[in-house]
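Derivation of every value follows stated rules applied to the coordinates shown; laboratory data play no part. Because the structure is a prediction, the values reported are computed rather than measured.
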């Protein structure tokens, strides 16, 4: 949680190797996850007011400054 709070932009959090922050796909497209204690993940989405998209309609992590935490889960089941 400290790493999330300390990151000014989502792109900064994505550079923290231990967090392994990554975008999700499939039915979780538009959401992101960070690793917790295996196999749990913290799943979140960019806040509505912080969702600028790049040229291909993909969120630009350098512009995302706030998130909403959705759940802690093991979505690999």
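Tabulated values for the structure
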read-out: Potential extension, residue 68-residue 9 segment - 0.36 nm per residue separation minus Cα distance; value: 19.9 nm
read-out: Residue of 17, 46, 61 that the Gaussian network model of the chain assigns the largest fluctuation, springs spanning Cα pairs under 10 Å; value: 17
read-out: Percent RCO, i.e. relative contact order, over the chain, from Cα pairs under 8 Å lying at least 6 residues apart; value: 28 percent
read-out: Fluctuation leader among 24, 42, 13 - the chain, Gaussian network, Cα springs under 10 angstrom; value: 24
read-out: Stretchable slack from residue 75 to residue 24, in nm (0.36 nm times residue separation minus alpha-carbon distance); value: 17.3 nm
read-out: Label corresponding to Rg/Rh (Cα atoms, Kirkwood Rh) when calculated from the structure given, among [x] 1.35; [y] 0.98; [z] 0.94; value: [z]
